[in-house]
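Read-outs: derived from the displayed coordinates by stated rules, not from any lab. The structure presented is a predicted model; accordingly, all values stated were derived computationally and were not measured. Counting neighbours? That spans all protein chains shown, and the Cβs are built from the backbone with ideal geometry, glycine included.
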């Protein structure tokens, strides 16, 4: 999407009288979102740079049953060009008190980081957990599931079990991944690649970017079931399956479990993900399907020191560990210090050390100002 | 062979998961008849992020933001309405409030403004804010008065909303907390 088209759309929306019309205390439009400015040094790239993003969220309440929302990420790339990306644009239809149907481009409910924690004013670290990829930044760790949103339909069900207990169920169908344009998955290569199993071909590269098209008729299917004991704990299990090649012979599967513990002065967030990626390989003149398995996890703990000692009001200490196993093995430690200017604005100072089994290690340092609005 | 069986299991799992979801729709929810909006606010906002100050948005903006948060936090429709009622009370006060001396009942004010949604007394209540059992003894009445009139004066990241309370009502609340 060009910046001109985006600007024209924004101006058109702002000129629409319906958008600004209020009826008593019932509104029709609200603007929220977040943004950040980051200074980052990386040893692997031997560089340091400032970067900035602005991520407005447009919310429209059509009526009591229908809600429309869209999030756009506006940023400047390394060449100085302004990039506009549609993170999500969907419609929620509140079918019953506890059932919601969503259609459009929406955040995939896999784990907790993608659907809920990824905004920088919410994430306690200036970086994405390594298993989810870098999302615009650089990182040495090879992601397991570099997907945040996709186009399709979803249904959400909330079961209230008592005063403080709930079960969340999310199911969805989307276009799913496809073969990366320059992928060599169907051309088995011989040794020497860092993402290669001994005696097998190269791990296929998949394109997870959401599109309004698909290279096959198979739709990705997934879901998440979670149990919440409010306000302190949420545990979930997620599943995702899609055929990614033109002939629908090759699958990509992911399973994960996640946990979120909210204490009076600490937070504990973690996820474990397993993936299985099919790929073709030649075996004695015949083409066979081999399944590449990977797994990885991260655990992030936050000690809210400001809640323990009033003289340190607004401060937090963050410690995170992440690792990926089987193909592209790597581990990462991150330590950070956060200072909250108010409930939605934070300055993060962090350092991470990534150890890559077969590849270049990296050490990064970042200072990030992030704000929700 | 192993590959085929894995595919079969995965394809079979899809309708089973969908069936569970459909069945779950028919399960009767054990939701309370009266829902405390402040308690819903306390129990759900901090699952992902700091609770936002209610002063940050207008009432009409909150009415559009809450459906967004309903889907994001898996709130029920009734819970969403209860949070809106709480926001409405905090922003507008109670137009039917009794302004005579008899209205200065600290315990009634504590419950009316759902202080227990975020704070606890005698172990009962929320955890977003600190326990209030010894707040008057530890900090003094003047601190309490200042905190309720300007909730961010000592902690800029505090999500505490400024309640529509008069000085006399704040003193009544302080008396209730000091004698409880």
Q) With each label point set 7 Å from Cα along the Cα-Cβ vector, what nm distance links residue A:95 and residue A:264? A) 4.2
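Note down the relative contact order for chain A as a percent, whole number, built from C-alpha pairs under 8 angstrom at least six residues apart.
14
If you take each beta carbon of peptide A:158-168 and count the beta carbons of other chains within 10 angstrom, what is the mean?
On the way: counts 11, 9, 11, 4, 4, 6, 2, 1, 9, 3, 2.
Partner-chain Cβ atoms within 10 Å, mean over residues of A:158-168: 6.
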Q) Points 7 angstrom from Cα along the Cβ direction at residue A:248 and residue A:86: gap in nanometres? A) 2.6
Q. By counting other Cβ atoms within 10 Å of each Cβ, how are B:34, A:315, A:82 ranked from fewest to most?
A. B:34, A:82, A:315
Q: Using Cα centres only, tell me the gap between region A:242-298 and region B:119-180 in whole Å.
A: 49
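From the square roots a ≥ b ≥ c of the eigenvalues of the alpha-carbon gyration tensor of region B:101-179, which class results: rounded (a/c under 1.5), prolate (a/b over b/c), or oblate?
Details: a/c = 1.36, a/b = 1.15, b/c = 1.18.
Judged from the Cα gyration tensor, region B:101-179 comes out rounded (a/c under 1.5).
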Q: Distance between Cα centroids, region A:82-160 to region B:43-91: provide it in whole Å.
A: 20
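Hey, fewest Cβ within 10 Å first, where do B:147, A:348 land in order?
Working: B:147 19, A:348 25.
Least crowded to most crowded, the residues run B:147, A:348.
Arrange A:288, A:64, A:73 by Cβ neighbour counts within 10 Å, fewest through most, would you?
A:64, A:288, A:73
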Q.
Using Cα springs under 10 Å in a Gaussian network model of chain A, which residue among A:328, A:313, A:207 shows the largest mean-square fluctuation?
A. A:313
Q: For chain A, with a Gaussian network of springs between Cα atoms less than 10 Å apart, report the residue from A:165, A:304, A:139 with the top mean-square fluctuation.
A: A:165
Q. Averaged across the residues of A:227-238, what count of C-beta atoms belonging to other chains lies within 10 Å of each residue's C-beta?
A. 3
Q) Which residue, A:311, A:331, A:238, tops the fluctuation ranking in a GNM of chain A built on C-alpha contacts under 10 Å? A) A:311
Q: Could you work out, residue by residue across A:82-94, how many beta carbons of other chains sit within 10 Å of that residue's beta carbon, and then give the average as an integer?
A: 1
Q. Cα gyration tensor of region A:74-134, axes a ≥ b ≥ c as square roots of the eigenvalues: rounded (a/c below 1.5), prolate (a/b > b/c) or oblate?
A. oblate
